[in-house]
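Reviewing the structure listed below.
What follows draws every value from the coordinates through simple rules; no lab data is involved. On a predicted model such as this, the values are computed, not experimentally measured, just so you know. In this analysis, Cβ positions are derived from the backbone assuming ideal geometry, glycine residues included, and neighbour counts consider all displayed protein chains.
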Amino acid sequence: MRDAVTSLIKNYDVAGRYFDRNAIDSLKSYFESGTARVQAAVAVNANAASIVKQAGSQLFDELPELIRPGGNAYTTRRYAACLRDMDYYLRYATYALVAGSMDVLDERVLQGLRETYNSLGVPIGPTVRGIQIMKDIVKEQVATAGVTDTSFVDEPFDHITREFSEIDI
Ligand SMILES: CCC1=C(C)/C(=C/C2=NC(=C\c3[nH]c(/C=C4\NC(=O)[C@H](C)[C@H]4CC)c(C)c3CCC(=O)O)/C(CCC(=O)O)=C2C)NC1=O
């Protein structure tokens, strides 16, 4: 698992090169955005349970068939599994935000996930919708916490979405 700095070092080490201008620019931007990324993680940590709950309600309001007989989130067990998955995405998204790298998502969350979902009939489109709803809620929370430019918050949620969407939709 790598963060923005270790990824950069790895790339330059492989080539046996000192950091060049590009490397320095990305290091600078990583360190300059550090406080905002940590603030975002703190804002999520303090509200994780309510973020997941709110995102879940909004998702099931939009797509009530998910929790009706025949829906993938129907039955208490599957409903709970769905919210648990949302909680996984949220927690790992905060790790990725702090790391400034999506590597942790690739390694710990996304590997083999599409296959698992397909084999269990977990629908990808609604999952992606749930992740996007969560993104919007998180951005509001982060803005409320005093971060002015919240655009960096998109990245992990959009990364998960892209990985899911690539093959299945
Ligand atoms: C940390 C990384 C990690 C992830 C991401 C993860 C996901 C994950 N979600 C699963 C199931 C599931 N995932 C869902 C999710 C949903 N169903 C819907 O209709 C909604 C669209 C959606 C919620 C938004 C459901 C309902 C199940 C249970 C499916 C079943 O057992 O039939 C399973 C199968 C095993 C299990 O039930 O625990 C895995 C592995 N596990 C992990 O360890």
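Express in nm, to one decimal, how much length is gained between Tyr18 and Asp136 on full extension, taking 0.36 nm for each residue of separation and deducting their alpha carbon distance.
38.5 nm
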#### Entry: Euclidean distance of C-alpha centroids, the stretch 69-130 and the stretch 1-35, integer Å
29 Å
### Task
Positive end of the charge dipole of the chain (Lys, Arg +1 and Asp, Glu -1 on Cβ, about the Cα centre): tell me which of Tyr79, Leu97, Ser119 has its Cα farthest that way.
Tyr79
### Of Phe31, Phe60, Phe19, the one that fluctuates the most in a GNM where the chain has Cα springs shorter than 10 Å
Phe19
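Over the chain, how many pairs of lysines fall under 27 Å by alpha carbon, counting only those 8 or more apart in sequence or from different chains? Can you show the working numbers first?
On the way: Lys10/Lys28; Lys28/Lys135; Lys28/Lys139; Lys53/Lys135; Lys53/Lys139.
Taking the chain as the scope, the lysine pair count is 5.
Just rank Asp149, Asp85, Asp106, fewest to most, by other beta-carbon atoms within 10 angstrom. Numbers along the way, then the final one.
Working: Asp149 10, Asp85 19, Asp106 16.
By the 10 Å Cβ count, ascending: Asp149, Asp106, Asp85.
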### Query
Angle between the Cα long axis of helix 124-144 and the longest principal axis of the chain, 0 to 90 degrees, nearest 10?
60 degrees
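Based on the Cα coordinates of the stretch 44-98, what is the per residue volume of their convex hull in Å³? Mind showing how you got there, number by number?
On the way: hull volume 3.9 nm³, N = 55.
Value for the stretch 44-98: 70 Å³ per residue.
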### Task
State whether the stretch 63-157 is rounded, prolate or oblate according to the following rule on the C-alpha gyration tensor (a ≥ b ≥ c being the square roots of its eigenvalues): a/c under 1.5 gives rounded; otherwise a/b larger than b/c gives prolate, and the remaining case gives oblate.
oblate
### Query
Under a Cβ-Cβ cut-off of 15 Å, what is the net charge of the residues other than Met102 that fall near it, where Lys and Arg count +1 and Asp and Glu count -1?
-2
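Roughly speaking, what is the stretch gain from Thr6 to Arg68, that is 0.36 nm per residue apart minus the C-alpha to C-alpha distance, in nm to one decimal? Please list the in-between numbers first.
Working: separation 62, 0.36 × 62 = 22.32 nm, distance 4.62 nm.
So the extension gain works out to 17.7 nm.
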### Query
When only alpha-carbon atoms count, how far does the chain stretch along each of its three principal axes, as whole angstroms with the largest first?
60, 36, 22
